[in-house]
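Sharing a structure here in structure tokens format.
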Amino acid sequence: DAKTTQPTSMDCAEGRAANLPCNHSTISGNEYVYWYRQIHSQGPQYIIHGLKNNETNEMASLIITEDRKSSTLILPHATLRDTAVYYCIVNVAGNQFYFGTGTSLTVIP
Amino acid sequence: EPEVTQTPSHQVTQMGQEVILRCVPISNHLYFYWYRQILGQKVEFLVSFYNNEISEKSEIFDDQFSVERPDGSNFTLKIRSTKLEDSAMYFCASSGYRDLNYGYTFGSGTRLTVV
């Protein structure tokens, strides 16, 4: 199983920040949190990952709580092209990812 | 930005027929993967490949499946005798490193329809 819990769906107004939560209460000390997204059945796209410090790149920010049991992906200014399914992944083995069901984000004009 | 290219984008095949799905990974990448996604279901790992051999495979990747890197640029997934339940999107991915912290790049996928 995916070892993460995400809301099934969320809406966000265009131009506003989209905050996507993820619970991963069973995460172990050396497991990273990865975020990918999938736009309309295209291949998953890497967004960001982190271990315990907050991370930021050109796409998003990742905020990980101090106890590492949850995290939030922030898209600072959501656009219509950010409408996608967002996957929070902590369950990895070897070099394979275990995808869950993700959060379907709809950005509304 | 470098891309992973998959062909064809959509393939329809008769049940029992062999099908080969093709992928061109990013040129300096060394690690290659296949995942699949049955319509409405999760993205599932099939196999990883490095140095001309399979590194890991899932339970889905049974004897009907095989992978090959025939010429140093292509990476193929063959299904020997397709079943209806093989209908899915198949995604190829590549990485320059074994360490997942460098992420993968996925292709756009091939939609396989078995009739």
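Any chance you could check the Cα centroid distance between region A:31-109 and region B:26-67 for me, in angstrom?
Value for the Cα centre distance between the two parts: 22 Å.
Taking the C-alpha atoms of region A:1-86, how large are the radius of gyration and the largest Cα-Cα span, Dmax, in Å?
12.7, 36
In what order do B:T110, A:T8 fall by count of nearby beta-carbon atoms within 10 Å, going from fewest to most?
Values: B:T110 22, A:T8 9.
If I rank by nearby Cβ atoms, fewest first, I get A:T8, B:T110.
Now for a different question. Mean projection of the alpha-carbon convex hull of region B:44-115 over all orientations, in nm²? Mind dumping the intermediate values first?
On the way: hull surface 21.4 nm².
With the hull built on Cα positions only, its mean projection is 5.3 nm².
Bin width 5 Å, origin at 0, all Cα-Cα pairs of the protein assembly as shown: what percent of pairs per bin?
1, 7, 15, 18, 18, 16, 12, 8, 4, 1, 0
Still on this model: Once you average over the residues of B:97-107, how many Cβ atoms of partner chains fall within 10 Å of each Cβ? Could the numbers behind the result be given before it?
Values: counts 1, 2, 1, 10, 5, 2, 8, 9, 4, 7, 2.
Per residue, the average neighbour count from other chains is 5.
While we're looking at this one, here's another question. Counting partner chain Cβ atoms within 10 Å of every residue's Cβ in A:25-38, what's the average? Kindly include the intermediate steps, with their values, before the conclusion.
Working: counts 0, 0, 0, 0, 0, 0, 0, 2, 0, 4, 0, 4, 0, 6.
For peptide A:25-38, the averaged partner shielding equals 1.
So for chain B: antiparallel DSSP bridges make up what percent, rounded to the nearest 5?
Numbers: 35 of 39 bridges.
So the antiparallel bridges in chain B amount to around 90 percent.
Calculate the mean, over all residues of peptide A:39-45, of how many other protein chain Cβ atoms lie within 10 angstrom of the residue's Cβ. Numbers along the way, then the final one.
Working: counts 0, 0, 7, 6, 17, 9, 4.
Shielding by partners across A:39-45 averages 6.
Could you please rank A:I39, A:I47, placing first whichever residue has the fewest other Cβ atoms within 10 Å of its Cβ? Intermediate results must be reported in sequence, preceding the final value.
Values: A:I39 13, A:I47 21.
By the 10 Å Cβ count, ascending: A:I39, A:I47.
Moving to a separate point now. With the cut-off at 1.5 for a/c, could you classify region A:19-66 from its C-alpha gyration tensor as rounded, prolate or oblate?
Judged from the Cα gyration tensor, region A:19-66 comes out prolate (a/c at least 1.5, a/b above b/c).
Lone cysteines in chain A, going by a 4.7 Å Cβ-Cβ cut-off?
A:C12
Read the figures in this text as sums done on the coordinates, not as results from a lab. Everything numeric here is computed off the predicted structure, so don't read it as measured data. Methodologically, a virtual Cβ is constructed for each residue, glycine included, from the backbone with ideal geometry; neighbour enumeration extends over all protein chains shown.
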